Amino acid sequence: MPFDGGFFARPPVAPRRGWRARLADWRRNHSARQALDLNQRLDPRFARDIGLTQTELAFEVEKPFWKPPS
């Protein structure tokens, strides 16, 4: 095994993604949360249908767009 100059094992680094990919992720997150909010407003039973409580659904809808959905 060739010597790479380091004495400690380094964890693999994930490749950085471009700003366009990150922006697309943020838009998807925002759209998904808008859809959750709209469905919740149209039918109060929606949360139960997808296996969440009202509180969990409200928490998910209020998350900022840069955090991925749970």
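For the reader, a short list of remarks on this structure follows.
- Sum of side-chain charges, L36 neighbourhood, beta-carbon under 11 Å (Lys, Arg +1; Asp, Glu -1): -1
- Nearest-0.05 FRET efficiency for L23 and T55, computed from C-beta distance (R0 22 Å): 0.15
- Protein heavy-atom accessible surface, 1.4 Å probe, per residue over segment 17-57: 82 Å².
The values are calculated or read from the model by the stated rules, or taken from the named source; none is laboratory data. What you are looking at is a predicted structure, and each value in this text was computed from that prediction instead of being measured. Using ideal geometry, Cβ is built from the backbone for each residue, glycine included, and neighbour counts are taken over all protein chains shown. What goes into the accessible areas is simple: the full protein's heavy atoms, side chains included, and nothing from ligands, DNA or RNA. Shrake-Rupley method; radii C 1.70, N 1.55, O 1.52, S 1.80 Å.
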